[in-house]
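In what follows, a structure is listed as structure tokens, so that the remarks can point back to it.
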Amino acid sequence: MHINLTLNGIPRQIEAAPEESLLEALRRAGLWSVKHGCDTGECGACSVLLDGKLTPTCVLHAAEADGRHVHTVEGLTAGQAVDPIQQAFAETGAVQCGYCTPAMILATQSLLEQEPNPTPEQAREALSGVLCRCTGSVRPVQAVLRAAALRRGEEVEPIQGEGIPIQSVFGAQEPPEPPAGEHPGPGGADVATRPWVTVRPALQEAPTTGVVGRPEVKVDAVKLAKGRPVFTDDVNPPGLLHGALLTSPHAHARIRHIDASRARALPGVHAVLTYQDVPRVIYASGGQSYPNPKPWDQVSLDSKVRFAGDRVAVVAAETPEIARQALRLIEVDYEVLPAVFDAEAAMRPGAPRIHDEPDAVGIEDVERNLATSIDAVVGDVERGLAESDYVFERTYFVQQVQQASIEPHVCVTYWDEDDRLVIRTSTQVPFHVRRMIAPLIGLPVKRIRVIKPRIGGGFGGKQEMLMEDLCAHLTLATNRPVRLEYTRAQEFTSARSRHPQKVTYRAGVMQDGSLHAMDMHVIEDSGAFGVHGLTVCSVTGLRGLATYRCPNMHFHGDIVYTNKPAAGAFRGYGAPQAEFALESLMEEIAHELQLDPIAFRSQNAVTIGDPLPITNALGEGGAIEQIVRSCGLPQCVEQAGRAIDWERRADPRWHVDPARPHIRRGLGVAFCMHGTAIPGLDMGAADIKMNDDGSFNLMVGATDLGTGSDTVLAQIAAETLGVPLNDMLIYSSDTDFTPFDTGAYASSTTYISGTAVKRAAEQVGEQIFERAALMLGCPTDGMYLRDRQVHTPDGRSLSLAEIALHSLHVQDQRQIQSTASYMSVYAPPPFGAQYAEVEVDVETGQVTVKQLVMAVDCGTAINPTTALGQIEGGQTQALGYAVSEEMAYDAQGRSMAQRFGDYRIFEAAEMPAVQAILVPTYEPTGPFGAKAVAEIPMDGVAPAVANAVWDAVGVRIRSLPITPEKVWRALQEKQAA
Amino acid sequence: MSPILSPQYDRPQNWQEALDLLQASGRSVLLQRGPHPDPIYTRDADRLIDLCLLDLDYIEFHPGSRLAIGAQTSLQSIAQSPLLQQYANGLLAEAAYASAALGLRNAAVLGGALAESDGPPELVLALLAAGAEVILRTAMEVGHTLTLDNYLATRRAGDRTGILVEVLLPAGETYGALQRVARTPHDQAIVAAAAVADSSGRLRLALSSWSQERLLLEAAPPGRTPEALAGLANQARQSCRPQGDYRGSAEYRSEMAAVLARRAAAAAWQAQSGA
């Protein structure tokens, strides 16, 4: 049917079927800024201004827009112009992955047209219809206020950030003072444009770095703010078919018979694939280095399903509606099998055997559903416990949670003109996907190209080959481009999640407050597959036994199959589980021994020079003992404590509110320590090429999943080569054109890929010096790069454009270019201190988090804006982990939370005050002193909230999430005791 | 195998056309979104009826000083309405605000909120506590009046005859309060309670947990003593029959029904006595 509407001020007619959503119709009409997120209007990524009001389009039929005015971000500005709202979002760091940014910009536009001078509360309310999983809405609120000021024509403050002392990153040597005057340039060259080089009387020495340490606008911020088609699904290749996935309604069943004939006969259906149609190749879907950790217990499509949501069949059809209809026509006869949903029950004799297939590789004990296990020992923990003056034993439970990136998993596959398979996919691990998919689809690696466009959030959920094999199989079967995207419900039923764990500590403490023994036992529920199970559990051990010095330690982890959706990688990767248990335990010990909780932790916390002996026993890349070389933990504790006014905790009057007698207040703290990359394993590479005008192409395999790593890597290259950031043109994550990188995980990109970039830049710099020496007839000694020029010690200089033209066109022609790789045996830990302030309703148990403050030592923050954004957004995700997020199941193992709302992530209007503080240190092994920042904000919120609840009402909650009922029950028990 | 048949989309120009479409054979769906909509692709319909031309988007006084809210009025309009912010201490505005975030409040309409069986309870509770009536248009009757609780009961029984025209609120000074418990401040309520007291102090109290049956209690002015409040709380605890889920067990919900009943009643009476 024809839909007549006014689209961005212009009357237009678009075509849509009555059952189609306005979202689908707008995207098909080329309005790519309108994003698919949830299908139920709850995420708001698809929002437009409908007659001036922010409205989600996924819940509207296209026909409902007939006769109405629709505004999208495409209509905000023409061409290259940037609206003040877009400018403000870019400048403040409000754009992380950028998937929800167009909707947030429209929300801002709508607000500012009603209220030109909004309050922060009004800004939060305006943004509340758009869920942002990256930023925690902190910077978007700042962006709204800044945009309002810009629109009012006011001067706005520059974004803070002044670089870092240059000595700290380049050493103490300063360029010598040059003599003033004119000096001969590269004489004799016919094309030399400047035979004489002007030397300034004195160089103005920059006291700080020019690019590193400064709040540069993200290199992709403007295009994201303009809603340009940069994501996986923002293409419409000719002949595109639409895929759809049929999933199991049963938690455990064998497919006795499957009949796809009716589906195949449906007009418009081009392929229906079941286990009978694709080769059976065993693999593990986790995007990890070769060889993938065992067990290998998956195949693309199987005759057995192991969780409600497991793959059954996949369809390609002319339209999404036909594909969905085809799914309904596939007849499956299931033999329903007994299922088990509890990890401990799964290990008991007689439990259903989840993996009885004969071809799985590396399952430790099929009878006990034990995928694998880990054991690590330092010293003698039993003797240590026996020697201890006090012994504590506590058990903690952490739940299964979902990454909930706003962009669902989505993939487009097609044959290119050379009959090579192109996989355009929203992935964190393009190189792993290429290697891992090859045997599944029967193509050699060289016939596969994986492209990672911008990603609408990943958080570990896309460190996985989750759907690429199915999409590729459909293209192989149809010879047509195929698009496959999860629905939001499938994100909850059929994607990955954080491993739930039962963590039991036994801790021995001496009279003087020192830890003497720590025994940590973990039962990890890996769900139906063992993917990431071993390595996540390993990180749980590393993080649970590294923050505090202790001579005797033991870690044991059992990774267990159940009939629940498989867990996988999720930002923090085992650490949030460990930290909740560890930091709750430390608080409990401090309370029982009547020690100050901060003093007790500080007494035992590791510091510079301390070895981390557990790293000798645990580690994916091998056992490589780590030593702390940089540590700002005490400063983090002090600065964040001051920011939240920790001293209030000692005042009994502060804990109560006379006007609200049912409310109690509390403060909690958690120390945090994370890792940086996987030592001995993670590798990144970079290639830098100089262009005619002195600009550079920087090509990296590293995967920017919205964190800003492209920007950070470009900053490192720009700083090293003495050019502004906009002279560094970065291209990333394309297996045909960029060098290898393991991908975006394990907080590795700045440290590993950044060092590779720095090395490549240094090598390019050497080539520039050699060219300058050739042109100027002088040695390279003492040359340095600054302000787009190469400078000599005697004061002469050449522009990089002159260098490039000479090298490419004039003499001894060569391309100035270099590639470098980096792998580290060091994994320098970032540190942090997390504080939380809560209010607890003693009648209902409801916990309201009022404030979160985290200070982080991430070494040098290459870009303070993006680093702060990581800490703010990470705290917000972690807040959901603490109080609201939970993947729950009914008695049949079916997910009870298959939409946002049921699965509650925080919206802008309900956020507590969130503050992030950077505590600069210098990590000697990192690029410009940097170490990681991306994951550590996930670690401390849950224990800090639990400790704050304890402070408020004196009850200890040992399982997440901290729901009102858990607190209420604990209060009831306390009252009864 | 036949190809997929698209549903028919209609925008009736008048009531007769709308009612004819509703009565026609096949599955007809009124395009009235609630604040908790299901994905469009799960909708099983032969006919989609869009009521946007029937002028049902209003909040206005009717004769007799009764406030009327048109069935196609968005929840955001209800939340922002100056008239409703005055009514019962802004109870209805607060309830509409609590129903969803901004975008969905713009997309959802009153008729959709009342039609949803699994939607957020606040707005329905507020209307029940206020003693709202609904006006239906049927083939037989231009303005068929029902109490809201009767209307909800007939819908639960599967009766879909007639189209909701508007909701009418009682005239006179009223004093309301909304209480809820949830995982986060704007999360869907685990349990919610709305209370409205009239100028004499007579109180209506409505309670619910998400997608569960609603409980309607009434109390006379003497109930404002602490003992009577406790009695009201006890009545709420014993009368409600909640189902438990991962957000709260049945036992917890019963206990919260008591707490929130007491709080809502106390707040409404306090507003009334302080007026």
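For the range A:810-843, taking the residues that are acidic (Asp, Glu) and assigned to a loop (DSSP other than H, G, I, E, B), the one that is nearest to the other protein chains (Cβ to nearest Cβ) is identified as A:843. Report yes if residue B:108 is away from chain A (no Cβ under 14 Å), crowded, with 22+ Cβ neighbours inside 10 Å and at pLDDT 95 or above, otherwise no. No, not satisfied.
Hey, can you tell me all the residues within the range B:240-251 that are in a loop (DSSP other than H, G, I, E, B) and more than 17 Å from residue B:129 (Cα to Cα)?
First, the residues of the range B:240-251 that are in a loop (DSSP other than H, G, I, E, B): B:240-244, B:246-247, B:249.
Selection gives B:241, B:242, B:243, B:244, B:246, B:247, B:249.
Here residue B:31 fulfils each of the conditions (1) closer than 20 Å to residue A:24 by Cβ; (2) in contact with a strand residue (DSSP E or B) (Cβ under 9 Å, 6 or more places away or on another chain); (3) loosely packed, with under 13 Cβ neighbours inside 10 Å apart from (3). Selection of first residues in the range A:962-974 that are within 18 Å of residue A:878 (Cα to Cα) and of second residues that are among the charged types (D, E, K, R), restricted to Cβ pairs under 7 Å at least 6 apart or on distinct chains, gives the following pairs, ordered by first then second residue: A:963/B:183; A:963/B:247; A:964/B:183. Residues of the range A:2-18 that are outside any strand (DSSP E or B) and touching a strand residue (DSSP E or B) at 6+ places or on another chain (Cβ under 7 Å): A:8, A:16, A:18.
Which residues, counting only those in the range A:65-81, are buried (at least 24 other Cβ atoms within 10 Å of the Cβ) and either of a type in the set (Val, Ile, Thr) or at the interface with chain B (Cβ under 7 Å from one of its Cβ atoms) (or both)? Walk me through it before giving the result.
Restricting attention to the range A:65-81, the residues satisfying the condition of being buried (at least 24 other Cβ atoms within 10 Å of the Cβ) are A:65, A:70, A:73.
Of everything in the range A:65-81, those that are buried (at least 24 other Cβ atoms within 10 Å of the Cβ) and either of a type in the set (Val, Ile, Thr) or at the interface with chain B (Cβ under 7 Å from one of its Cβ atoms) (or both) turn out to be A:70, A:73.
Residue-by-condition table, conditions (1) assigned to a loop (DSSP other than H, G, I, E, B); (2) free of Cβ contacts under 8 Å to residues at least 40 places away in the same chain; (3) in contact with a Lys or Arg (Cβ under 9 Å, 6 or more places away or on another chain):
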residue	(1), (2), (3)
A:233	yes, no, yes
A:236	yes, no, yes
A:244	no, no, yes
A:249	yes, no, yes
A:254	no, no, yes
A:258	no, no, no
A:263	no, no, yes
A:267	yes, no, no
A:270	no, no, yes
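Does residue B:57 count as part of a loop (DSSP other than H, G, I, E, B) and facing chain A (nearest Cβ under 10 Å)? No.
Would you point out which residue out of A:286, A:239 is at pLDDT 95 or above, under 28 Å from the mean Cα position of the chain (by Cα) and closer than 26 Å to residue A:37 by Cα?
Details: A:239 fails: under 28 Å from the mean Cα position of the chain (by Cα).
Checking each option against the conditions leaves just A:286.
Within the range A:844-868, the residues that satisfy the criterion of being more than 14 Å from every other protein chain (Cβ to nearest Cβ), out of contact with any helix residue (DSSP H, G or I) (no Cβ under 6 Å at 6 or more places or on another chain) and either assigned to a strand (DSSP E or B) or polar (S, T, N, Q) (or both) are A:865, A:866. Taken as a whole, the condition of being of a type outside the set (Gly, Ala, Ser), at positive phi and in contact (Cβ under 8 Å) with a residue 60 or more places away in the chain applies to residue A:787. Of all residues in the range B:30-54, those satisfying the criterion of being at the interface with another protein chain (Cβ under 10 Å from one of its Cβ atoms) and either assigned to a strand (DSSP E or B) or among the basic types (Lys, Arg) (or both) are B:33, B:43, B:47, B:48. The set of residues in the range A:50-62 being surrounded by fewer than 23 Cβ atoms within 10 Å (Cβ to Cβ) and either outside any loop (DSSP other than H, G, I, E, B) or within 28 Å of the chain's Cα centre (by Cα) (or both) consists of A:50, A:53.
In the range A:667-684, which residues are buried (at least 24 other Cβ atoms within 10 Å of the Cβ) and not in a loop (DSSP other than H, G, I, E, B)? Once the filter is applied, which keeps residues that are buried (at least 24 other Cβ atoms within 10 Å of the Cβ) and not in a loop (DSSP other than H, G, I, E, B), the range A:667-684 yields A:667, A:668, A:669, A:670, A:671, A:672, A:673, A:684. Looking at A:378, A:315, A:340, just one residue is hydrophobic (A, V, I, L, M, F, W, C), touching a strand residue (DSSP E or B) at 6+ places or on another chain (Cβ under 6 Å) and more than 14 Å from chain B (Cβ to nearest Cβ), and that residue is A:378. Of all residues in the range A:900-919, those that are at the interface with chain B (Cβ under 10 Å from one of its Cβ atoms) and under 22 Å from residue A:121 (Cβ atoms) have Cβ atoms under 8 Å from Cβ atoms of residues that are in a strand (DSSP E or B) and basic (Lys, Arg), 6 or more apart or on another chain, in A:912/A:850.
Scanning the range A:839-874 for residues that are crowded, with 24+ Cβ neighbours inside 10 Å and closer than 26 Å to residue A:660 by Cβ yields A:840, A:844, A:845, A:846, A:847, A:849, A:852, A:853.
When you scan the range A:373-421, how many residues do you find that are under 23 Å from residue A:243 (Cβ atoms) and in a strand (DSSP E or B)? Give the steps one after another, and end with the answer.
Here is the first cut: in the range A:373-421, the ones under 23 Å from residue A:243 (Cβ atoms) are A:402-417, A:419-421.
Filter once more, so that each one left must be in a strand (DSSP E or B): A:410-415, A:421.
So the answer is 7.
Residues that are surrounded by 15 or more Cβ atoms within 10 Å (Cβ to Cβ), within 14 Å of chain A (Cβ to nearest Cβ) and touching a strand residue (DSSP E or B) at 6+ places or on another chain (Cβ under 7 Å): find the strands (runs of 3 or more DSSP E) completely inside the range B:155-239 holding 1 or more of those. Explain how you work it out, then say what you get.
Numbers: elements: B:163-169, B:174-181, B:191-198, B:203-209, B:215-219.
Correct list: B:174-181, B:191-198, B:203-209.
Report whether or not residue B:101 is of a type outside the set (S, T, N, Q), facing another protein chain (nearest Cβ under 10 Å), surrounded by 24 or more Cβ atoms within 10 Å (Cβ to Cβ) and under 26 Å from residue A:107 (Cα atoms). Before the answer, list the steps.
Values: of a type outside the set (S, T, N, Q): yes; facing another protein chain (nearest Cβ under 10 Å): yes; surrounded by 24 or more Cβ atoms within 10 Å (Cβ to Cβ): yes; under 26 Å from residue A:107 (Cα atoms): yes.
Yes; evaluated as a whole, the condition is true for this residue.
With respect to residue A:896, is the statement that it is surrounded by fewer than 22 Cβ atoms within 10 Å (Cβ to Cβ), out of contact with any Cys (no Cβ under 8 Å at 6 or more places or on another chain) and within 14 Å of another protein chain (Cβ to nearest Cβ) true? Before you say what the answer is, go through the steps one by one.
On the way: surrounded by fewer than 22 Cβ atoms within 10 Å (Cβ to Cβ): yes; out of contact with any Cys (no Cβ under 8 Å at 6 or more places or on another chain): yes; within 14 Å of another protein chain (Cβ to nearest Cβ): yes.
Answer is yes for this residue.
Is at least one residue of the range B:18-28 within 28 Å of residue A:907 (Cα to Cα) and in a loop (DSSP other than H, G, I, E, B)? The answer is no, given that none of the residues of the range B:18-28 is within 28 Å of residue A:907 (Cα to Cα) and in a loop (DSSP other than H, G, I, E, B).
Any residue in the range A:19-32 that is touching a strand residue (DSSP E or B) at 6+ places or on another chain (Cβ under 7 Å), more than 14 Å from chain B (Cβ to nearest Cβ) and free of Cβ contacts under 8 Å to residues at least 24 places away in the same chain? So far as the range A:19-32 goes, yes, one or more of its residues are touching a strand residue (DSSP E or B) at 6+ places or on another chain (Cβ under 7 Å), more than 14 Å from chain B (Cβ to nearest Cβ) and free of Cβ contacts under 8 Å to residues at least 24 places away in the same chain.
Consider the range A:265-290 and keep the residues that are in contact with a Phe, Trp or Tyr (Cβ under 9 Å, 6 or more places away or on another chain) and of a type in the set (A, V, I, L, M). The one that is surrounded by the fewest Cβ atoms within 10 Å (Cβ to Cβ) is A:282. Listed by first and then second residue, the pairs linking a residue in the range A:513-531 that is within 19 Å of residue A:573 (Cβ to Cβ) to a residue that is in a strand (DSSP E or B) and of a type in the set (Asp, Glu), with Cβ atoms under 7 Å apart and 6 or more places separating them unless they lie on different chains, are A:523/A:558; A:524/A:558.
The values are calculated or read from the model by the stated rules, or taken from the named source; none is laboratory data. Bear in mind the structure is a predicted one, so any value in this text is a computation, not a measurement. Note that we place each Cβ from the backbone using ideal geometry, even for glycine, and neighbour counts take in every protein chain shown.
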